[in-house]
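Quick notes on the structure that follows.
The values are calculated or read from the model by the stated rules, or taken from the named source; none is laboratory data. Being a predicted model, the structure only gives us computed values, none of them experimental. Please note: Cβ atoms are built from the backbone with ideal geometry, for glycine as well, and neighbour counts cover all protein chains shown. We work out accessible area using only protein heavy atoms, side chains counted, and drop any ligands, DNA or RNA first. Shrake-Rupley method; radii C 1.70, N 1.55, O 1.52, S 1.80 Å.
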Amino acid sequence: MLDVNGVQKIYRGKDREVEAVRDLTFRLEEGELACLVGPSGCGKTTLLKCIAGLLKPTSGSVEVAGKAVTGPPRDMSVVFQEYGRSLFSWLTVQGNVELPLKEKKLSKERRRTLVTEALEAVGLADSARSYPWQLSGGMQQRVAIARAIAYEPRVLLMDEPFAAVDAQTRADLEDLIRGLWQRFSMTVLFITHDIDEAVYLGQRVLVLSSSPTVVQDDVAVDLPAERDQLTTRSDQRFTELRARVYSEIQNAKNGQAASAPAAT
Amino acid sequence: MTTPTTDTARPTTGSQRPAEGRVRGPGAAFPFGSNALLGIAGSACFLLLWEIAPRTGAVSATYLPPASEVLTTLGERLLVAGFWVAVGDTLAGWGLGLAIAFTAAVTLGFVVGSVPALRTFTASTVEFLRPIPSVALIPLAILLYGTDIRSTLLLVVYASFWQIYIQVLYGVADVDPVADQTARSYGLGRLARIRYVVWPSALPYVLTGVRLGAAVALILAVTAQLTIGSPGLGQEIAVAQSGGATALVYALIVATGAIGVLVNVGVRALERRVLHWHTSVRGEIAA
Ligand SMILES: Nc1ncnc2c1ncn2[C@@H]1O[C@H](COP(=O)(O)OP(=O)(O)OP(=O)(O)O)[C@@H](O)[C@H]1O
Ligand SMILES: [Mg+2]
């Protein structure tokens, strides 16, 4: 469903070049929920923008459902890291969720159904007429998620969506995402820097190295499909997986630390 | 992009309008309540001083008639049809000029602002044309249109155009990249993004431009009538002055001042209405 082939991205400034990601290759099957972890600044957002067709990779390619990505793909939605700025403050919650559907040229009835359904799914049916800035951070993030699912995407990309909310809200939102994923059967790529979150949410965890960024490891999460904040997180297997991902990230860092003095 | 001397070019920063759209903006300094009382008391003191100064002989009453006399004259004028015709002419020149300037500035501003190359290409020309005082165009206006209303329009349009145009340029440049990427990721095309993202983002700037432009337009409308003699309050002032009717001159000045205040109040009300979602406005209610 989602194919990332040898993606490299170099930002070219005036007199400076930043190689944000070096060589990323992985593949998500239809309906898969994969988490992508990596240290801050390793190029997760950059990769997401390449997949979303907002940035052109310097080399390599991305395919969604067998079609090469050259611009934003029609059946993909993105939830951005900065959800506050991603919501349009001049539109109501309903307006925000509905705007992409208007561009999809859906009928008014169909739009209304999708908006209502999406807002209900994230538990915000009562706030449809509010403005995003009248809501709490966690609610705003749910609006962004509602907008994404109302678009009926086959692929959903999320960039550290819960980085800025408190622990309790975060746990609720994690369960919300798993619920939505099961209900709407989308392919989900969930970016986070939180190892616990990655293991708890994903069927698979892709570990990125620190810069120069490559895929360090690809861990299958063989936890039961029904997950629960309390029991899953205290599961023996959860702890093992978490330790594995953790040590891979450490390896990635050490690998770089070991090679850095040699380079200078 | 801006030269250091162009601070008037971006009144959006500072107290006028938050450049980032995230700071409290206009209106916040004028809440009602005790401050309103203080303001009324201040005006009363001013009027009292104006009344006393000529009466005690501190200022010659020939040059400054006491407030009561001026206000009485104004009151009498309000009953004269000719006065209202002059008000109408002034407002027509002002409103029409502002409307033309607005349409031109918004259209051009959006086109030029959305194409960086075009913006750079025109920047130096704009920096040259913008500071030309509108009054310097008076001889040209007379040459072209005589005392016709078009003379007034020329000056009004020229002066208010730049106020709005510059704001539109800043507004178009101030679109949040995350908002823009969001729109793009949901497949919004160029026109849809202008309509749903760029326009609302630029709106606070546009309205600041309108407020500044409206004030300047009124000044220029009266100036044109005063110096060129096109019909309106300005011309009335000139006539009263040549007739030696000092109190009437003051009365008409007070009338133009009142129109200025009304214009400003009107535009601010418009801002509050249109920008009810914007931090600068909603801060007053919510915070
Ligand atoms: N527009 C840009 N121009 C130049 N360099 C950039 C740009 N965007 C990102 N970078 C650089 O690319 C690298 C990766 O940035 P990116 O935002 O993709 O990291 P990230 O993994 O998402 O980090 P975080 O976890 O903090 O969100 C960083 O070194 C950053 O400085
Ligand atoms: Mg990021």
> Among the residues of segment A:127-137, is any surrounded by fewer than 18 Cβ atoms within 10 Å (Cβ to Cβ), touching a Phe, Trp or Tyr at 6+ places or on another chain (Cβ under 9 Å) and away from chain B (no Cβ under 14 Å)?
Replying inline: yes
> For the subset of segment B:267-287 comprising residues that are farther than 30 Å from B:Leu71 by Cβ and charged (D, E, K, R), which member is most open to solvent (accessible area, probe 1.4 Å)?
Replying inline: B:Arg273
> Of everything in segment A:82-116 that's surrounded by 17 or more Cβ atoms within 10 Å (Cβ to Cβ) and among the β-branched types (Val, Ile, Thr), which residue is farthest from the chain's Cα centre (by Cα)?
Replying inline: A:Thr92
> Just checking, which of B:Arg119, B:Arg130 is charged (D, E, K, R), under 21 Å from B:Thr208 (Cβ atoms), under 17 Å from the mean Cα position of the chain (by Cα) and surrounded by 13 or more Cβ atoms within 10 Å (Cβ to Cβ)?
Replying inline: B:Arg130
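Yes/no per residue for (1) in a helix (DSSP H, G or I); (2) over 25 Å from A:Pro73 (Cβ atoms); (3) open to solvent by 30 Å² or more (accessible area, probe 1.4 Å); (4) more than 14 Å from chain A (Cβ to nearest Cβ):
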position: B:Phe110; (1), (2), (3), (4): yes, yes, no, yes
position: B:Val126; (1), (2), (3), (4): yes, yes, no, yes
position: B:Val168; (1), (2), (3), (4): yes, yes, no, yes
position: B:Arg193; (1), (2), (3), (4): yes, no, yes, no
position: B:Tyr196; (1), (2), (3), (4): yes, no, yes, no
position: B:Pro200; (1), (2), (3), (4): yes, yes, no, no
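Let's see how each residue does on (1) outside any loop (DSSP other than H, G, I, E, B); (2) modelled with pLDDT under 95:
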{"position": "A:Gly41", "(1), (2)": "no, yes"}
{"position": "A:Lys56", "(1), (2)": "no, yes"}
{"position": "A:Ser61", "(1), (2)": "yes, yes"}
{"position": "A:Pro72", "(1), (2)": "no, yes"}
{"position": "A:Val97", "(1), (2)": "yes, no"}
{"position": "A:Lys102", "(1), (2)": "yes, yes"}
{"position": "A:Glu109", "(1), (2)": "yes, yes"}
{"position": "A:Ala118", "(1), (2)": "yes, yes"}
{"position": "A:Gly123", "(1), (2)": "no, yes"}
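Being out of contact with any Ser or Thr (no Cβ under 8 Å at 6 or more places or on another chain), within 19 Å of B:Phe102 (Cα to Cα) and either within 14 Å of chain A (Cβ to nearest Cβ) or open to solvent by less than 30 Å² (accessible area, probe 1.4 Å) (or both): is that true of B:Leu188 here? Explain how you work it out, then say what you get.
On the way: out of contact with any Ser or Thr (no Cβ under 8 Å at 6 or more places or on another chain): yes; within 19 Å of B:Phe102 (Cα to Cα): no; either within 14 Å of chain A (Cβ to nearest Cβ) or open to solvent by less than 30 Å² (accessible area, probe 1.4 Å) (or both): yes.
Against the criterion (out of contact with any Ser or Thr (no Cβ under 8 Å at 6 or more places or on another chain), within 19 Å of B:Phe102 (Cα to Cα) and either within 14 Å of chain A (Cβ to nearest Cβ) or open to solvent by less than 30 Å² (accessible area, probe 1.4 Å) (or both)), B:Leu188 does not qualify.
Within segment B:245-266, is there a residue that is among the small types (Gly, Ala, Ser), open to solvent by 20 Å² or more (accessible area, probe 1.4 Å) and not in a helix (DSSP H, G or I)?
First, pick out the residues of segment B:245-266 that are among the small types (Gly, Ala, Ser): B:245, B:247, B:251, B:255, B:257-258, B:260, B:266.
Subsequent filtering for residues that are open to solvent by 20 Å² or more (accessible area, probe 1.4 Å) retains B:245, B:257-258, B:260, B:266.
From what is left, the residues that are not in a helix (DSSP H, G or I) are B:245.
Yes, some residue in segment B:245-266 is among the small types (Gly, Ala, Ser), open to solvent by 20 Å² or more (accessible area, probe 1.4 Å) and not in a helix (DSSP H, G or I).
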>> So, A:Ser59, is that one more than 15 Å from ligand 1 (Cβ to nearest atom), polar (S, T, N, Q), over 30 Å from B:Val197 (Cα atoms) and open to solvent by 20 Å² or more (accessible area, probe 1.4 Å) or not?
In response: yes
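Can you tell which of A:Ala243, A:Ala252 is assigned to a helix (DSSP H, G or I), at negative phi and open to solvent by less than 20 Å² (accessible area, probe 1.4 Å)? Give the steps one after another, and end with the answer.
Working: A:Ala243 fails: open to solvent by less than 20 Å² (accessible area, probe 1.4 Å).
Result: A:Ala252 is the single residue among A:Ala243, A:Ala252 that is assigned to a helix (DSSP H, G or I), at negative phi and open to solvent by less than 20 Å² (accessible area, probe 1.4 Å).
Restricting attention to segment A:205-221, which residues are away from ligand 1 (no atom under 16 Å from the Cβ) and open to solvent by 30 Å² or more (accessible area, probe 1.4 Å)? Show your work before the answer.
Quick first cut of segment A:205-221, residues away from ligand 1 (no atom under 16 Å from the Cβ) only: A:217-221.
Selection gives A:Asp218, A:Ala220.
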> Just a yes or no: is a residue in segment B:149-164 assigned to a loop (DSSP other than H, G, I, E, B) and hydroxyl-bearing (Ser, Thr, Tyr)?
Replying inline: no
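Table: residues versus (1) of a type in the set (Asp, Glu); (2) away from ligand 1 (no atom under 16 Å from the Cβ).
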residue	(1), (2)
A:Ile145	no, yes
A:Ala148	no, yes
A:Glu160	yes, no
A:Val165	no, no
A:Asp175	yes, yes
A:Gly179	no, yes
A:Ser185	no, yes
>> Being open to solvent by 10 Å² or more (accessible area, probe 1.4 Å), at pLDDT 90 or above and in contact with a helix residue (DSSP H, G or I) (Cβ under 8 Å, 6 or more places away or on another chain) is the filter here; which residues of segment A:181-196 pass it?
In response: A:Ile195, A:Asp196
>> On the basis of being charged (D, E, K, R), within 14 Å of chain B (Cβ to nearest Cβ) and under 16 Å from the mean Cα position of the chain (by Cα), does A:Glu32 make the cut?
In response: no
> Quick check: anything in segment B:133-140 away from every other protein chain (no Cβ under 14 Å), open to solvent by 20 Å² or more (accessible area, probe 1.4 Å) and touching a residue at least 24 places away in the same chain (Cβ under 8 Å)?
Replying inline: yes
>> Take the conditions out of contact with any Ser or Thr (no Cβ under 6 Å at 6 or more places or on another chain) and within 8 Å of ligand 1 (Cβ to nearest atom) and apply them to A:Ser40. Does it pass?
In response: yes
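Could you check, for segment A:117-126, whether at least one of its residues is open to solvent by less than 30 Å² (accessible area, probe 1.4 Å) and within 16 Å of ligand 2 (Cβ to nearest atom)?
No - not one qualifying residue is present in segment A:117-126.
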> Only one of (1) within 16 Å of ligand 2 (Cβ to nearest atom); (2) surrounded by 17 or more Cβ atoms within 10 Å (Cβ to Cβ); (3) small (Gly, Ala, Ser) fails for A:Ala34. Which number is that?
Replying inline: (1)
> Do you know which residues across segment A:144-153 are part of a helix (DSSP H, G or I), within 16 Å of the chain's Cα centre (by Cα) and within 12 Å of chain B (Cβ to nearest Cβ)?
Replying inline: A:Ala144, A:Arg147, A:Ala148
>> If I filter segment A:78-89 down to residues being at the interface with chain B (Cβ under 7 Å from one of its Cβ atoms) and among the polar types (S, T, N, Q), which single residue comes out as nearest to A:Val155 (Cα to Cα)?
In response: A:Ser86
> Between residues in segment A:207-234 that are farther than 27 Å from A:Leu24 by Cβ and residues that are open to solvent by 60 Å² or more (accessible area, probe 1.4 Å) and β-branched (Val, Ile, Thr), which pairs lie under 8 Å by C-beta distance while being six or more apart or on different chains?
Replying inline: none
